[in-house]
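Working notes for the structure below.
Please treat every number below as a calculation from the coordinates, not as lab data. None of the values given here were measured: they were computed from a predicted structure. All Cβ positions, even for glycine, are placed from backbone atoms using ideal geometry, and neighbour counts span all protein chains on display.
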Amino acid sequence: MSDYISTTLVLLPFVGSALVAAAVLGVLAGVLGPLIVTRNMAFSVHGTSELALTGGAAALLVGINVGYGSLVGAVVAAVILGLLTRKVSEHDSVIGAVLAFGLGVGVLLLSFYEGNSANKFGLLIGQIASVDTGSLVLLVSAAVGVLVVLSLIYRPLLFASVDAEVAAARGVPLRVLSPVFAVLVGVATALGVQTVGSLLVLSLMITPAAAASRVTASPLVATVLSIVFAELAVLGGIVLSLVPGKPVSAFVTAISFLIYLLCRLVGALRARRIGSGRGMASAHLAVGAARS
């Protein structure tokens, strides 16, 4: 009976739009995630999501598409963080200040909104029913733009992410790449707000990539795994949330975290096996040396 209900719900138009949006977000998060993790920008994503909430709340109050407001808020956050974080030592404190400010203004704007309370709640935890045709067009267009720009800067950005000092010595324009990448992350974060909400967008932008980094050191393999994990989490979360009618973000975060735990287990077992193999090899060498 539950299988029949799930199949029937999946065929609904708004669910189809949400699944397409989720698939696009999975690709976007999967591609950007490993770079975010490598550059230690997870906290930046959280700060950006709060400004995306503020922009979305302003759009809701004015009566325009929430996606446009979220995009503006996220881009503003990226610019502010880029301007204020000139030193690495200031990074976390600046993000914390911006995060608190964004959340406070967002809550204030939401308090003035007198419409459907589900719209306000959806900004925080996501709402698949809000993904209409206009939102889907905006999401796909913005995602394509992000991927095109990323493809143009990917190699120098990866180089700078792995070793910034050497990249700077080789002439890689770090002062250009860093703010551009921050804006790309901001756009992707804003796009994820409608699906998983501003409070839990980390489960889509960070957790799949963090899981992939536990099982491989290859940037290409990590990106592929990150995309697969993100798709499993967001698509699986939407499907699982249909029958109970509960928030999508709860299921997305649960699936993401489960994948992360499994990858940590696999990584730990692999490291133990490699360590034991090296220990046995060292023992054999010692015995051989003693005999000789």
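Determine the relative contact order of segment 20-107: mean sequence separation of Cα pairs under 8 Å and six or more apart, normalised by residue count, in whole percent. Rounded, it is 33 percent for segment 20-107. A straight line joining the Cα centroids of segment 136-181 and segment 217-232 runs 18 Å.
Our summary gives segment 153-261 a relative contact order of 23 percent, counting only alpha carbon pairs under 8 angstrom and 6 or more residues apart. Exposure proxy ranking for 264, 214, based on other Cβ atoms within 10 angstrom of each Cβ and starting from the fewest, stands as 264, 214. Each of 224, 252 was scored by other Cβ atoms within 10 Å of its Cβ. Listed from fewest to most, they are 224, 252.
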